[in-house]
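Notes follow once the structure below has been shown.
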Amino acid sequence: MLTLSGVSAGYGSVPAVRDVSLTVGDGEAVGLLGANGAGKSTTLRAISGLVRPTSGTITFSGTDIAALPPYRIAALGIAHVPEGRQVFPELTVKENLEIGAYIPSAKAERARSLDLVFTIFPVLAERRRQLAGTMSGGEQQMLALGRGLMLKPRLLMLDEPSLGLAPVVTDATFQKIEEIRALGTAILLVEQNVSRALTLVQRAYVLESGKVIMHGSSADLANNKEVQAAYLGL
């Protein structure tokens, strides 16, 4: 479904990712792992059109998306849940969710999508009239995930969903991500909590200094001595 081939991108003259190649299949959960500054977030931004690749190709369901504006990429079925949640604090939960359904095809299904989001995240249904800025970090993360689902995406890209969350809240968040994947939505997960990410994804790529240094199944990476030493504390 999604294919990156030899993608390089950065900010001005500073490269952030170099020659990155990866794939995500229909309904698959794939991890993008690595330390801070490895290029994980930039890779997601290149896919969603927020950063323009300087070389390489990005295709989604056979369409070259590397030069498309972000709204066109979203309309093809790619939702990007950014690091730090970035909800609108002065809007209610329901208003935040409705903003997620901004493209015409999603807007037409907005009521049905709201029902789905409220089914997956009952706390959002209970607090639909609450201002997002008054919610806890974990609740805001649920809201950010729900807003991404309102686009009715085929691919949901998640940037550090566990950032700043307590372990018990992280577990609850990952359980919800697994529920979303079980519905058939493909997941591309950027996550520094490597051990937790490897319990969710089927495959993963490890980035270091902007390059993919290894990839494989979650089981293979969990048993890899380099991964264990660098990321799992073993």
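Read-outs throughout are calculated quantities, based only on the coordinates presented, and are distinct from any laboratory measurement. Since this is a predicted model, take the numbers as computed values, not measurements. For neighbour counting, all protein chains shown are included, and Cβ atoms are generated from backbone atoms with ideal geometry for every residue, glycine included.
Observations on the model:
- Amide H contacts under 5 Å for residue 205: 31, 32, 33, restricted to partners 5 or more places along the chain or on a different chain, H placed in the peptide plane at 1.01 Å from N.
- In this entry, region 129-216 is assigned a mean projected area of 6.8 nm², taken as a quarter of its C-alpha convex hull surface.
- In percent, rounded to a whole number, the relative contact order of the chain is 28, using alpha-carbon pairs under 8 Å and six or more apart.
- Pairwise label distance in nanometres, residue 119 with residue 175, each label 7 Å out on the Cα-Cβ vector: 1.9
- Across region 86-152, C-alpha contacts under 8 Å between residues 6 or more apart give a mean separation that, scaled by the residue count, equals a relative contact order of 55 percent.
- Student exercise, region 86-152 dipole from Lys, Arg, Asp, Glu Cβ charges, in Debye to nearest 20: 160
- Diffusion coefficient (Stokes-Einstein, Kirkwood radius over C-alpha pairs, 37 °C, 0.692 mPa s) for region 86-152: 289 µm²/s, rounded to a whole number.
- Estimated dipole of the chain in Debye, rounded to 20 [Cβ of Lys and Arg +1, of Asp and Glu -1, Cα centre]: 420
- Label-point separation, residue 91 to residue 35 (7 Å along Cα→Cβ), nm: 3.8
- Projecting label points 7 angstrom from Cα along Cα→Cβ for residue 224 and residue 105 puts them 3.4 nm apart.
- Average silhouette area of the chain, convex hull of alpha-carbon atoms, in square nanometres: 12.1
- Dipole axis of region 86-152 (+1 Lys, Arg; -1 Asp, Glu on Cβ), positive-most option in 86, 100, 135: 100
- Rounded is the label for region 1-90. Its Cα gyration tensor axes, ordered a ≥ b ≥ c, give a/c under 1.5.
- C-alpha center-to-center spacing [region 32-91, region 170-196] in angstrom: 17
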